[in-house]
Amino acid sequence: MASIGLRRSTLSIALLFVLLSSLQLPLSKVVAQGDVNDGAGRAELHQALLDLTNPWTVMCVAAHPDDEDGSTLTILRRKYGAHTVTLFSTFGEGGQNAVGPELYEELGVIRARETMAAAKVQGSEPHFLGLRDFGFSKSAEEAFRAWGEKEALRRMVLQIRRLRPDVIITNHDTVSGHGHHQATGRLILQAFDAAADPKQFPEQLSEVTIWQSQRLFVRGFRGAPAATSPTDSNNQGVTIDPNEMDPIRGTTYAQQALAALQQHATQGPWPKSIGPNGGRIIRYNLVKQTATAAPLPANAKTPLDGLRLPESEATRLVAPTIEGKPLTDFVDKRSVVLAALVNARKAGAFTVSKEIGDTDPQRFQLMADRLDTALATAANVSLTVSSGDRVLVPDHRTPFEVTLTNSGEQEVFIKDMKSKGLAVEKQLDPAEKLLPGTETSQQLLALTPKTAKFSVPAAEHLYDGRLFGDPFEVDADVEVDGAQFSVSAKTLVDVAPAVAVSNNNPTPCVETPATIMACESTSLTLKNNLDTAFSGSLVLKENDLGHEVTAEKPLSLGPGETQTVINGPINTTLPNRQRYQKNRSGGAIAAAVNGADKSEISLLKIPMVYIPAVVTAGTRVGYVPSTDPTLKNSLTALGVEKEELTGETIAKADLSRFNTIIIDNRGYEIHPELIKSNDRLLKFVEDGGTLLVFYHKTNEWNPDERRARPQLAPYPIILDDERVTEEDAPVRFLEPRHRLLTFPNAITQKDFANWVQERGLYFPKEWDPHYAALLSTNDKGEKPLTGGLLVADYGKGHYIFTSFVWYRQLRAAIPGGYRMFANMISYGRH
Ligand SMILES: [Zn+2]
């Protein structure tokens, strides 16, 4: 387990660059006025009005993206107007990817984006603790070994103190499921109390104040487990039915929650629709509450029911009404609503009272911000800020287009307009006014400091809070009918070098005896991020046992141009290259872009690994890839003659030209048409071929009549959900002299060293006696699993099924992964 980084991780940080000037005077032009009755606009206004009625914040704590309770979050915001935030322990980068090749940090970037898209549907606001997702674990202890229990608690306490939830909900108890879930369940029990204790993490109190949430609920399908059972609140809880129709959006909350869940596409496939029995009824148990919290009513409909504000706050946090009726009743009368909101603002609604000395100014600020949003929505005033597809380049100016639009029916006076926290040389004229149906745009030039740090590639910034670049925010103070309010717009922009260089080859690059020096033929993509032409040079350097070899060639790129270049071998002169390559464990190629003055603009390092793995000469391989290019890249590194196959080509093509066919991880799930042509695959084996099948999930493999899926192996194999998650779990050789373990590469214990993430998934629980089981492994304290590598003769050929996670080892350039893979490909050929 690698140690975790200790850097703070949230999506918002202070701006790093300075806004220099605003050049153009604003020009007004005519725009279409918004249709007050259009569906999206109506729902948006309804939400903004509903939000004024609910001063409470609910936080949902989840271990991974997609563990959040989307149904409850959706109901609390869409039906009740509560402020909803989600807090994720990890970015989920240790998970699988059902739709693309990205894994690890690259997957984390995608899952963060999916989470933000899901949160948008739920109407919630996502935050991350940035703890490392090191893959599946079985216990909270394993998670805490990687995270550091105190560090994880520190981060969670800080977020509770910042976000100040009145109620916390979670799907995770302390004993069930994934170790990350259990650990998150334990952390939240501690953090609930620790956030309110000034002795806990006192260093945070210079930035935030202590915060006492009032209630903590843990979702339990059969009551809360003993370890989290309520102490003073016997079996109290809330039951939530997500199947109610949302009259504003015309779908049920369960359907909206499913739409949010579907945003987590890498974790799919998800159901396409809610089944005939509706979404599952959700039961939350009240696990903790403060001594001063109002009791939860017996028939509570939400986890917030019964909560009370102190008298002095309650009287000042009252939503505006029209003749005693809520503003949401008037959602189709925008001008009537706007007049009521204008009056509320003029009357000072939700402003913090200095005389009373409110103890909870953040709650007032939240509600005052919501009133701003309601005013802007009702008045149809909006602000956008965009950099197009430009990036920030250190020591260069980047233009931003800022547009303020009045699609409403009232005149809008612009009082002030500025970028947040940044010095602006020139402001808009405060007397400027926008007539109904007009907009004003101007360009701002931001100068990025010379010392700004890059935020690309995103995968390298998963944990440092700069995942999607730096924020650029503009606020406008405007006045409508004598009421002032602000509208703001924010965009995130990457900080990148003037010329970026990226690698089109797998990383690390693997060479084997059949592919010596292949890594030196690097394919690189170069992108000019500036609006001006670039000329300089591309320098490739290879470090071999202390010898540095360099090749330099001139480089010219037009404004904004992207070029792909393939470089030949850097070094053709060093003697006995092959000999010393065999003796080294790795090296690196560095590609640098230099400016005309020889200064280094960007640098890319490509690690290289030499692995002594050989495949029987002349072996021809057909392979059916899943979502990941690892199979193809690994076959390339082994120098094997290969052809990519699809489910269709398996059904039609002459398979006899191959010695070996490989079905990638979960191949029968990703290419379900393979099931229909499985007889052809088995015939290929019968006729003398070798069929190698990588791991599948239990419900993707075991025979299932409903899915018209027969037993797929020539002799039965039945999978179970057993995993071996400790990547250093001992591996025992059950038949050490078996040809699969000895030819052409002699496999030893060394080949199971330095593995990544885990040993294997979904190990078989039963298999036909025709199979030889070659390896045994298990996590600490568990029973040995012996079905991870099964091999049988069938007809004239051979069949191999393996639940070990070879693809992760191949991708990480683990020598044992390549050597065993080479033996499996070569099996049956002498
Ligand atoms: Zn999870």
Query raised in the report: Two-decimal Rg/Rh of the stretch 676-777 from alpha-carbon positions, Kirkwood Rh?
Result: 0.99
Query raised in the report: What translational diffusion coefficient, in µm²/s and rounded to a whole number, does the Stokes-Einstein relation yield for the chain at 20 °C and a viscosity of 1.002 mPa s, taking the hydrodynamic radius as the Kirkwood radius over Cα pairs?
Result: 71
Report summary line: The farthest towards the positive end of the charge dipole of the stretch 509-558, of the residues PHE534, LEU524, THR512, given +1 on Cβ of Lys and Arg and -1 on Cβ of Asp and Glu, is PHE534
Query raised in the report: Per residue Cα convex hull volume for the stretch 300-363, in cubic angstrom?
Result: 128
Requested in this report: Arrange the residues SER535, SER626 by how much accessible surface each exposes, largest first, with a 1.4 angstrom probe.
Outcome: SER535, SER626
Query raised in the report: In whole percent, how big is the carbon plus sulfur part of the accessible area of the chain, probe 1.4 Å, protein atoms only?
Result: 52
Requested in this report: With unit charges on the beta carbon (Lys/Arg positive, Asp/Glu negative), name the residue among GLY95, GLN159, ASN171 whose Cα is farthest towards the positive pole of the charge dipole of the stretch 78-186.
Outcome: GLN159
Report summary line: Computed over the chain, the relative contact order (Cα-Cα under 8 Å, seq sep at least six) in percent reads 11
Requested in this report: Set the Förster distance to 30 Å, then compute FRET efficiency between ALA746 and ASP654 from the Cβ-Cβ distance, nearest 0.05.
Outcome: 0.30
Requested in this report: Write out the cysteines belonging to the chain for which the nearest other cysteine Cβ is not under 4.7 Å, or none if no such cysteine exists.
Outcome: CYS60
**Report entry** Rounded if a/c under 1.5, otherwise prolate or oblate - the stretch 790-830, Cα gyration tensor axes
**Finding:** oblate
Requested in this report: Return the Cα extents of the stretch 278-416 along principal axes one, two and three, sorted largest first, each rounded to a whole Å.
Outcome: 58, 46, 43
Report task. Sort the stretch 242-316 into rounded, prolate or oblate with this rule: let a ≥ b ≥ c be the square roots of the eigenvalues of the Cα gyration tensor; rounded if a/c is under 1.5, and if a/c is not under 1.5, prolate when a/b is larger than b/c, oblate otherwise. Result -> prolate
Report summary line: Straight-line reach check, LYS420, cutoff 30 Å on alpha carbons, 8 or more apart in-chain or any other chain, hits among lysines -> LYS29, LYS120, LYS346, LYS354, LYS433, LYS450, LYS453, LYS490
Report summary line: Taking the stretch 690-741, the equivalent ellipsoid from its C-alpha gyration tensor has semi-axes in Å, biggest first, of 26, 17, 9
Query raised in the report: Tell me, Kirkwood radius of the stretch 598-746 from alpha-carbon pair distances, in Å?
Result: 17.9
Query raised in the report: How big is the charge dipole of the chain about its Cα centre, in debye rounded to the nearest 20, if each Lys and Arg gets +1 on its Cβ and each Asp and Glu gets -1 on its Cβ?
Result: 1360
Query raised in the report: Kirkwood Rh, Cα Rg: Rg to Rh for the stretch 434-543?
Result: 1.18
Query raised in the report: Expressed as a fraction of 2.2 N^0.38 Å, the rule-of-thumb size for a compact globular protein of N residues, what is the C-alpha radius of gyration of the stretch 619-695?
Result: 1.00
Report task. Using every pair of alpha-carbon atoms in the stretch 662-719, split the distances into 5 Å bins beginning at 0 and state the percent of pairs per bin, rounded to integers. Result -> 4, 19, 32, 30, 12, 3, 0
Requested in this report: Net charge near ARG186: determine it from the other residues with C-beta under 12 Å of the C-beta of ARG186, scoring Lys and Arg +1 and Asp and Glu -1.
Outcome: -3
Report summary line: Per residue, the convex hull enclosing the alpha carbons of the stretch 336-412 has a volume in Å³ of 157
**Report entry** Heavy-atom accessible area per residue - the chain, 1.4 Å, Å²
**Finding:** 42
Requested in this report: Under a cut-off of 14 Å between alpha-carbon atoms, report the aspartates and glutamates in cross-link reach of LYS301, not counting same-chain residues fewer than 8 places apart.
Outcome: ASP241, GLU244
Query raised in the report: Helix 815-826 versus the longest principal axis of the chain: what is the Cα-based angle in degrees, 0 to 90, to the nearest 10?
Result: 60
Query raised in the report: With point charges of +1 on the Cβ of Lys and Arg and -1 on the Cβ of Asp and Glu, referenced to the Cα centre of the chain, which listed residue (TYR610, GLN267, VAL238) lies farthest in the positive direction of the dipole?
Result: TYR610
Query raised in the report: Tilt of helix 39-50 relative to the longest C-alpha principal axis of the chain, in degrees (0 to 90, nearest 10)?
Result: 60
Query - Check: the stretch 722-775 dipole with +1 on Lys, Arg Cβ and -1 on Asp, Glu Cβ, in debye - result: 240
Report summary line: P(r) over all Cα-Cα pairs of the stretch 175-326, 10 Å bins from 0 to the longest distance, whole percent per bin, short to long, reads 9, 24, 33, 26, 8, 0
Requested in this report: Evaluate E = 1/(1 + (r/R0)^6) for ALA514 and GLU561, where r is the Cβ-Cβ distance and R0 equals 56 Å; express this FRET efficiency to the nearest 0.05.
Outcome: 0.95
Query raised in the report: Where does helix 179-194 land angle-wise versus the long Cα axis of the chain, in degrees 0 to 90, nearest 10?
Result: 30
Report summary line: the stretch 735-830: spread of alpha-carbon positions along the three principal axes, whole Å, largest first, is 37, 29, 21
Query raised in the report: With the Cα gyration tensor of the stretch 69-210 giving a ≥ b ≥ c as the square roots of its eigenvalues, does the rule (a/c under 1.5 for rounded; else a/b larger than b/c for prolate; else oblate) give rounded, prolate or oblate?
Result: oblate
Report summary line: Largest first and rounded to whole Å, the semi-axes √(5λ) derived from the alpha carbon gyration tensor of the stretch 36-134 read 30, 16, 9
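The values are calculated or read from the model by the stated rules, or taken from the named source; none is laboratory data. Since the structure is predicted, the reported quantities are computational estimates derived from the model, not experimental observations. Glycine also receives a Cβ, built like all others from the backbone with ideal geometry; neighbour counts cover every protein chain displayed. Quick note on the areas: whole protein, heavy atoms, side chains included, nothing else; ligands and nucleic acids left out. Shrake-Rupley method; radii C 1.70, N 1.55, O 1.52, S 1.80 Å.
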